[in-house]
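The values are calculated or read from the model by the stated rules, or taken from the named source; none is laboratory data. These figures come from a predicted structure and were not determined experimentally. Here the Cβ positions follow ideal geometry from the backbone for every residue, glycine too, while neighbour counts run over all protein chains shown.
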């Protein structure tokens, strides 16, 4: 069905969400390869001109999805608990990743910053992410009786670590084939860490070190 023209603010918001949902669906179906604008249009029976009314290029679509994912991941509602402790915070952050691996895979994709996304949109994106970090940091600070600066630094350090661990724990298909080809008799799987176990260990240990310093 060909998309009809959006006139009202509600219609335009819905159209923008349709574009993002189509991009997200294709990203999942294409195993982590972000779709082109043409592919999104074909998938959603939409003219290219319609997409360009809302996004200047593919990278701006990626930015919009990333902003959505970061807001979901760092939402304090995910860790809303009357008896909050650091283990529950860690479980919440890691639970989002294990339930939504494709979202974290996109979060790990940052080459768009060097491509076509407008500098103003990139700056706005970073500001939004930092606002989400600050909001969650304040929530953790109030409930675990730690300075907000400690909570912010912990979240940032954990994010950097999780990015690296995710890439090691989830090698690309090409790397898996290469490792298997090198020597059939060697169990290279032992070199690939179990993401959730290692992440939980690091995040909990880092919190205790920072909270005691």
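Structural remarks
- Residue 178 being in the same structural domain as residue 104 (by TED's automatic domain parsing), modelled with pLDDT under 95 and surrounded by 15 or more Cβ atoms within 10 Å (Cβ to Cβ): no
- Number of residues in the stretch 67-100 that are exposed (fewer than 14 other Cβ atoms within 10 Å of the Cβ), within 28 Å of residue 26 (Cβ to Cβ) and in contact (Cβ under 8 Å) with a residue 60 or more places away in the chain: the value is 1.
Yes/no matrix, rows are residues, columns are (1) surrounded by 16 or more Cβ atoms within 10 Å (Cβ to Cβ); (2) outside the structural domain of residue 78 (by TED's automatic domain parsing); (3) modelled with pLDDT under 90; (4) assigned to a helix (DSSP H, G or I):
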site: 116; (1), (2), (3), (4): no, no, yes, no
site: 168; (1), (2), (3), (4): no, no, yes, yes
site: 186; (1), (2), (3), (4): no, no, yes, no
site: 205; (1), (2), (3), (4): no, no, no, yes
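- Total residues in the stretch 129-164 satisfying the condition of being part of a helix (DSSP H, G or I) and exposed (fewer than 15 other Cβ atoms within 10 Å of the Cβ): the figure is 12.
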